[in-house]
1. Give me the dipole magnitude in Debye, nearest 20, for chain A about the Cα centre, with unit charges on the beta carbon: positive for Lys and Arg, negative for Asp and Glu.
2. Which FRET efficiency, nearest 0.05, do A:Ala115 and A:Leu29 yield, Cβ-Cβ r, R0 25 Å?
3. Helix by helix through chain A, keep the DSSP H runs that span 15 Å or more along the axis on Cα and average at least -0.5 on Kyte-Doolittle, and give those back in order.
4. Roughly how far apart, in whole Å, are the Cα centres of segment A:353-386 and segment A:130-154?
5. Return the whole-Å distance between the Cα centroid of segment B:137-210 and the Cα centroid of segment A:276-325.
6. Only loop residues by DSSP count here, and only those with at most 14 other Cβ atoms within 10 Å; note down the chymotrypsin sites (Phe, Trp or Tyr not before Pro) in segment A:107-152 that meet that.
7. Over segment B:87-153, what is the relative contact order in percent, taking alpha-carbon pairs closer than 8 angstrom and at least six residues apart?
8. How large, in Å, is segment B:87-153 by the Kirkwood hydrodynamic radius built from its alpha-carbon pairs?
Amino acid sequence: MTSASYTAPPGVKRLQQRALVVGVVFTILFAVGLVLDRAQFFHSYLLAFAFWGGISIGSLALLMLQHLTGGGWGLVIRRVLEAATRTLPLVLILFVPIVVGAHWIYRWTDAAEIAKHPTLTEKAKYLNLPFFTIRAAIYFAIWLLLAFFLNRWSKLQDETANREFTKRMRVLSGPGMVLFVFTVTFASIDWFMSLDPEWSSTIFGFLFVGAWSLSALAFVIAVMAMLSKTEPMNKVVAQLHFHDLGKLLLALVMLWSYFAFSQFLIIWSGNLPEEIRWYLPRTRGGWGAVALAVVILHFALPFLFLLSRSLKRNASKLAIVAILILVMRLFDYLWMIAPAYTGEHFHLSWMDFVGPIGIGGLWLAAFAGALSKRALIPINDPLYETVLEQRHAHAGH
Amino acid sequence: MAEDDNNEPWEHDLEDPEPFHHEASGSSHGRGRGTPALYGVMAEFDNPSVLVAAARRTYQEGYRRINGYSPYPIEELSEAIGFKGMTLPLIVLIGGIVGGLGGFFMQYWMEVINYPLNVGGKPYNSWPAFIPITFECTVLCAAFAAVLGMLMLNKLPQPYHPVFNAPNFALATRDRFFLVIEANDPKFIHREVLQFMGTLGARDVSDVEV
């Protein structure tokens with residue numbers, strides 16, 4: 001088999017074109033909201049950013065994870081992960097409006113608010129716009145560097161077949177993983193926890209490490225289910241790869257649930273005014289219903305479905321569960337972000353849907369463009385022959 | 001599939017301690033007086049893909065009482081010998097459900113019925129606080145169900161098993177792969193089984209006595 005046979009199928013180009021059209025139309029529609037209700041626009045924008053940016057950033061974690069662990073499942077999804085990390089420059093551009101509109105999103109940018117609350121006065125040393133921007137620049141610099149080297153060495157491995165690059169990628173991934181956890185922790189505190197600047201939760205960073213990795217994995221499974229239907233991926237991807245991805249999806253669903261529940265249990269048990277205030281608007285009325293939907297559709301149902309071995313080995317069924325999880329991720333971000341703006345009053349804006357669709361179209365177009373640029377399988381990876389052998393033994397005859 | 005050495009089943013390695021006599025008997029019984037009862041016929045392979053291919057062909061041929069042995073788990077092998085394995089997952093699921101319900105209602109009974117205690121003004125049925133122990137009990141009972149169910153279904157512990165009578169079978173923990181067709185297979189005809197297994201690309205085929 002030659003490398004030429006692993007070029008992306010025409011479906012990827014079609015996806016890119018369609019996503020671009022949807023993205024441009026919905027982004028223009030979304031921009032109308034900027035005139036109508038600026039604060040709502042920026043909160044919806046933050047939601048869209050959390051969702052799509054999270055898939056890029058989470059893909060970086062999975063990419064390093066599979067370099068560290070090895071395994072056939074990692075080899076077959078590597079190019080999808082790499083393509084998702086190559087959208088990070090776009091995610092950086094998408095971050096600019098958050099800095100520009102920070103005044104409409106974050107209460108701690110308002111001098112009058114700071115003066116009123118002594119905690120905010122203290123926190124202003126850390127939570128101020130210049131330092132916020134510098135920190136974001138540091139996070140992005142780290143992510144972009146990691147993504148740059150992992151993509152570059154993977155490309156060189158394709159071209160030169162030099163085993164040295166396999167080792168380099170693995171060596172970078174170890175410390176890269178540590179850097180990842182730290183940067184995501186600080187980023188999630190800056191971007192999402194500071195929506196309620198007087199509130200704090202120590203597990204909040206891990207919640208986003210889990211959530212972003214989970215959304216990246218669910219996205220990759222959906223893409224793999226699509227790719228595995230046609231040439232060339234149907235020659236490489238086997239049931240056992242989906243089985244492994246399904247197991248990892250179950251593990252991440254449980255990890256995220258564990259983090260989310262730990263935060264709730266500790267704050268609920270302590271029942272302290274400065275902590276419980278975050279949960280009060282989010283567990284009553286309409287937001288309470290959203291919370292219940294997240295518990296059932298993001299944890300209970302996927303958990304039960306993913307226990308089944310035959311479901312995990314069936315690409316289409318696994319993809320349906322993955323897409324359900326992706327949709328619920330959006331509702332979970334909404335549940336975290338929107339009450340900071342609406343309070344206990346439950347209110348869904350049209351922008352909460354148009355925004356993620358518009359930004360998503362642009363993001364997907366960038367992703368599909370990146371995916372179609374390289375071979376879908378790193379054929380010079382030492383694991384490549386093993387994966388083909390597995391596939392062969394599996395297909396049999 | 002590499003069929004480099006096309007061993008006939010009646011051709012044996014020199015180190016084979018007891019070259020067996022292949023008889024044209026029509027069934028597993030009556031292999032001549034004095035010969036012990038037959039457990040099955042064992043084929044020995046050099047690599048896992050040949051074993052999986054052989055197992056798949058054996059199943060397609062209509063044999064059902066078959067088993068494979070390898071030094072490490074081979075994902076496709078259980079599927080190739082037609083092993084469905086739905087019983088153990090069911091046992092584990094039941095164990096998990098029993099553990100989960102038991103764990104939750106143990107706490108409910110203690111906190112609400114047997115010894116209600118006001119903790120921090122919270123309701124007696126403070127379910128969020130019950131979740132960690134409910135979870136732990138689920139995992140504990142599911143794990144016990146898995147281990148005990150596995151032992152039960154495998155009929156373990158078992159101090160004696162006939163497959164260890166096969167020559168070289170000790171290598172099944174190192175670098176050899178084995179496939180056995182048991183004599184109690186409805187389709188088992190000794191001579192045909194020997195002939196069939198000879199076509200599977202095995203390095204050796206031999207009888208296994210009970």
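The values are calculated or read from the model by the stated rules, or taken from the named source; none is laboratory data. Values in this document were obtained by computation on a predicted structure and should not be read as measured data. With ideal geometry, Cβ positions are generated from the backbone for all residues, glycine too; neighbour counts draw on all protein chains shown. Heavy atoms of the whole protein, side chains included, go into the accessibility calculation; ligands, DNA and RNA do not. Shrake-Rupley method; radii C 1.70, N 1.55, O 1.52, S 1.80 Å.
1. About 1040 debye.
2. So the FRET efficiency works out to roughly 0.05.
3. A:10-36, A:38-69, A:72-85, A:88-100, A:129-160, A:163-191, A:204-227, A:239-270, A:315-337, A:351-373
4. Going from one Cα centre to the other spans 19 Å.
5. Taking the Cα centre of each part, segment B:137-210 and segment A:276-325 sit 42 Å apart.
6. A:Tyr126
7. 57
8. It is 12.8 Å.
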